[in-house]
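Enquirer: This is the structure I want to talk about, given as structure tokens.
The values are calculated or read from the model by the stated rules, or taken from the named source; none is laboratory data. Source: prediction; values computed, not measured. A quick note on method: Cβ atoms are made from the backbone with ideal geometry, for glycine too, and the neighbour counts reach across all protein chains shown.
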């Protein structure tokens, strides 16, 4: 199962007309070991990719092709940058052709089919592939990912919250797991490149609001992974908000430190946990990470605060929702699956200002 | 034809779910002599207006009703805040019922039917009403408006360009009318409240571009009025641009001063022309008007520049595209039609910052 | 102490060159019973106000004058739109001249001088005036305000949090007061009109971050009022964030419902509490108020959420930080002090979009 | 004078605390043949660069050092990302030490000292270095740059206007050179990282305005280069505008086609002129380039429009003002000076959305 790391990887993308699609293309077109082999769009069959996304002019010469015509089975790996429901319908055929799959939607994120069907309102048509699928959060699942044929690439909110909490869970009890709050904020690109009134510039601009308070699809995904890490059912309150910026996500996570854990050096704990992770940056205690410090990069930055040295621990986590929260993470998964270091093709510096 | 200025005006709005609709409601709900009588939306029949536009909570108690049920013929005046083609289909019936009409779309702006049909791609079904319609740019057409039954409310770009040029046209020759350039810039709300990919926050935000360079529907409207004022066929280059802001419009107009007019005091000319106009503010020479200085107000500000005292005159004009460029202007027209001073209900101060 | 409500009020403003200053001017210039009498700025002595703030052209003819020359003692009321420390230095003289004072800074907000001096790093030079000062949150303090000579106008964050929590405090125990979290978000105008690198468009734009996590000056102000209402020392975690928008503030407040209060109808409780308050809008349960629904208006909107009908109550509160969070609230205080209804001159509809 | 292209280049940066500084660092830290050797800031002596600019965490380990201590004379090339006046004061000493110089400010852009002193209000203290300095617009000056010791890196506006006009000048007469208009628009980062009220988010956000209409420092720079290319004195009207976006610049250039040139295939002319230029993209005729299509990349895109096939040619030019308009162009110059292909380390794809 080891890879020859100099071998080139033939990549296909299903559904390349959205923001995760163009972000995959931006990064993969610069990846030193990737050949873009096929990109599908039923609606845009024949249109050069760079015509839809002029930033790719001079970098990507491919045209969209309809799914039927696209040489997907000739790829080494196929990314699904599609709405939920698409990857599960094509997974078996691709696997049989020896193609690995990284789904950026939710088809392979939730192991519990009833939960999936409750939240996504469609039947899960591919439970056997779901069985073998690996949740693609590299920093939590490195080993399994490197051996996986199918990856459920994590949601953007879950990435921030799970990496923000992982060091606190699974060892000796440190925090009250019955009462975790994540007040999360996302840039508008998280809503995708769909024509929706609520995401118009004149609606989302110069404006701020909470949404999905009554229930957001990322809630069960976060909870499933937290439960797994904590070894118990976690109590999670999750409130997402929409920020008038294009990219970027910040989760402000509130946990209560257990009395017996009050002497813990949380800063050291986090630094140790992520010491060998290229993309998780535990900043000095008291830092205030801003989203632009990770804009267009695969970095995720964490800062801890403990006001008055009391029993509240506040964990601030930032990422670019389209990179570490989507396309970058997917490529990090690909790197692992093909025996490459995490950072190959992913080491871009964030754009500031 | 004189009006009793203390009489209340019963107002109807057709198509109140867009930005000009909500802006009409914002202003009319505070107008001291207006009773909001009916507002139609086929799609939102029965929905309280304030549910769609929560800024109106506590100010507007009306619900949308379908056009069939709405008591439009009981109104004194009906505003059409609809796409083109709607006003012309209902105009005759309303006029016969004694209702005046102010169309914020283009049905009654262009006197030449062939031009209308060329640019708007639909037949004009109501030429007899078009005949009597008045172009509702108050500062150019005050007399006719006060007697009108039907108003074609000007487009947003035309308002800036026509008011920016009017003092230069129609008297003794001052500028080369064969070569006028307006480089115009608009906030995104000008595109309306329609779900369009290009107007998403993630598309229009942190971005700038020209559009409609090959031809924009406001071009024939501007040219028709300029021709009329100049008494000759004017040469106009008009390039609109999209600015990542919600409201606001700035036109930078370039004209060439004729040799025989080099000694003209243009500042005095403009100040005199607009001395009695409440909403046209000729700023001191050399001023740099910004769009926020008129945000949410009916003011239009003009500043003149003549670099190096040469033969180029640069006219800067700003307005809020939704107010003086649409709803405010429409209400200013209504005021005139009902014998009220221009400023009644329209004297809001711009929001800064 | 009753007022003749038709009497005109002579108003002075100290420090009118900031955002609360121009916002006071915007609203007061339209207030039907106010005469703007004096506005001071040492630095801009002699400059017409409308030259600095062109939105006021045609609405405010006053010029700034240096504090020494300004006829402040001839005013009925003086607003201080200054940094902290200024109001306390002039309060006694004005009071002696019979002038009432509304301080928009913090000089008269905190009754505990040690707390003030700890957080604001200057000595409090006017404790006797502080003694009589009233905390100007109308909906909590209506009676005292109507009789007050000196008002400490609340901070912007405190206004949202206190009005969001008031119905839950002071009666029978409903929530765990040892553990209240407010995750609050503010537009950039809250930082004022000061040249600071961190507030540049290129720094704060397209960006999001928390700040002041280790301690924010509004924390003791909020806590003092919560303690007073709850009759006990409240445990408060307060994390402010900076949103890339100009105006607007949203607080997401997390409280835990006590077991004995699980059957409470919180929606009814809030609606009843604010039934007679013109500016507090308790929206239907489950609403998602956005900041633009209050932009440039004095409204504050509240919505309650109780996910899964569990023991977490989430209170969403929005306001315009410059209006209900500053200038509008100050004018609401003035109205009460002079025997006018709250809404006089303050009934503007929010600007949307 | 040829270079060994595998040799590493030791780079120093003077004044690295502004936006062009951090942009140089972002790109140079990824440049495969560059070693960052020194970065100076008098004010921030000792501070790690990545503390000021957290996007550089993990990419740049250097700290700022005061100019006196920085090992600048040990560099192969030094970039000046400083205000004007600094480079000229240090140029001679560095040249004597064999160090090449690329000044991103204006000290070496204008050959005419009187013009420099008129616009920049300081004496030029280094005329002998100015004599040998080369104007660093690669696409116009490739040969001279490759041999240069000192580069005056072009201003951002000039880059768009000169590259937009170059194909039209210097050959047979095509356009009326007495009457060229550039209506140019820039993102706010062009104003630099200086605390200025006018550049605050609350001032520049949701706002649009012209500035510098009476005279902008880039005017003489543009005119000097246009005159040189045209071989005659060109008539230029240049009006810059401020766009509420961080990065990006668009110039809308209006020229009049001469009667004898009406049959010219301008599209072919432009395509041919830039056929071998990696960073100048002549888009298909009628394209509407947006600034985000070049955001954070060194690309400059041009599109031609000739409405109605008349005698007006409109040239749209976009670039990222901090990349092709500043730091990227400077590095492109460095590549040439050290015998490398233009694109080394500069081939980043633009960030969209």
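Enquirer: Collect the residues in the range A:131-142 that are touching a residue at least 60 places away in the same chain (Cβ under 8 Å), touching a strand residue (DSSP E or B) at 6+ places or on another chain (Cβ under 7 Å) and crowded, with 22+ Cβ neighbours inside 10 Å, keeping them in residue-number order. Outline the logic, then answer.
Expert: First, pick out the residues of the range A:131-142 that are touching a residue at least 60 places away in the same chain (Cβ under 8 Å): A:135-140, A:142.
Remaining after also requiring touching a strand residue (DSSP E or B) at 6+ places or on another chain (Cβ under 7 Å): A:135-136, A:139.
Of everything in the range A:131-142, those that are touching a residue at least 60 places away in the same chain (Cβ under 8 Å), touching a strand residue (DSSP E or B) at 6+ places or on another chain (Cβ under 7 Å) and crowded, with 22+ Cβ neighbours inside 10 Å turn out to be A:135, A:136.
Enquirer: Can you find a residue in the range C:76-92 that is under 18 Å from residue C:16 (Cα atoms), touching a strand residue (DSSP E or B) at 6+ places or on another chain (Cβ under 6 Å), without any contact (Cβ under 8 Å) to a residue 60 or more places away in the chain and part of a helix (DSSP H, G or I)?
Expert: yes
Enquirer: Here's something else I'd like to know. Going residue by residue through the range D:175-187, is there one that turns out to be part of a loop (DSSP other than H, G, I, E, B), farther than 17 Å from residue D:238 by Cα and in contact (Cβ under 8 Å) with a residue 12 or more places away in the chain?
Expert: Within the range D:175-187, none of the residues are part of a loop (DSSP other than H, G, I, E, B), farther than 17 Å from residue D:238 by Cα and in contact (Cβ under 8 Å) with a residue 12 or more places away in the chain.
Enquirer: Still on this model: Only residues that are in contact with a strand residue (DSSP E or B) (Cβ under 7 Å, 6 or more places away or on another chain) and under 25 Å from residue D:321 (Cα atoms): list them for the range D:108-130, please.
Expert: First pass over the range D:108-130, keeping only residues in contact with a strand residue (DSSP E or B) (Cβ under 7 Å, 6 or more places away or on another chain): D:108-109, D:129.
If the condition is that a residue be in contact with a strand residue (DSSP E or B) (Cβ under 7 Å, 6 or more places away or on another chain) and under 25 Å from residue D:321 (Cα atoms), then D:108, D:109 are the ones that fit.
Enquirer: Something else about it: Filter the range D:131-172 for residues that are within 18 Å of residue D:316 (Cα to Cα), within 17 Å of the chain's Cα centre (by Cα) and either modelled with pLDDT under 95 or in a helix (DSSP H, G or I) (or both) and give the result.
Expert: Taking the range D:131-172 and keeping what is within 18 Å of residue D:316 (Cα to Cα), we get D:139, D:155-169.
If we keep only those that are within 17 Å of the chain's Cα centre (by Cα) as well, we get D:139, D:155-166.
Passing the criteria: D:139, D:156, D:157, D:158, D:159, D:160, D:161, D:162, D:163, D:164, D:165, D:166.
Enquirer: Can you tell me which residue among A:198, A:190, A:205 is crowded, with 21+ Cβ neighbours inside 10 Å, more than 20 Å from the chain's Cα centre (by Cα), at pLDDT 95 or above and facing another protein chain (nearest Cβ under 10 Å)?
Expert: On the way: A:198 fails: crowded, with 21+ Cβ neighbours inside 10 Å; A:190 fails: more than 20 Å from the chain's Cα centre (by Cα).
Just a single option satisfies the conditions, and that option is A:205.
Enquirer: In the range A:17-56, what residues are more than 19 Å from residue A:345 (Cα to Cα) and assigned to a loop (DSSP other than H, G, I, E, B)?
Expert: A:17, A:18, A:41, A:42, A:43, A:44, A:45, A:46, A:47, A:53
Enquirer: Something else now. Is one or more of the residues making up the range B:76-84 more than 20 Å from residue B:28 (Cβ to Cβ) and not assigned by TED's automatic domain parsing to the domain that holds residue B:273?
Expert: Within the range B:76-84, one or more residues are more than 20 Å from residue B:28 (Cβ to Cβ) and not assigned by TED's automatic domain parsing to the domain that holds residue B:273.
Enquirer: If you don't mind, another one. Does residue B:310 satisfy being surrounded by fewer than 24 Cβ atoms within 10 Å (Cβ to Cβ) and at positive phi?
Expert: Values: surrounded by fewer than 24 Cβ atoms within 10 Å (Cβ to Cβ): yes; at positive phi: no.
When the stated conditions are applied, residue B:310 does not pass them.
Enquirer: Applying the selection to the range D:325-345, what residues are within 13 Å of another protein chain (Cβ to nearest Cβ) and over 14 Å from the mean Cα position of the chain (by Cα)?
Expert: Step one: filter the range D:325-345 for residues within 13 Å of another protein chain (Cβ to nearest Cβ), giving D:326-328, D:342-343, D:345.
Matches in the range D:325-345: D:342, D:343, D:345.
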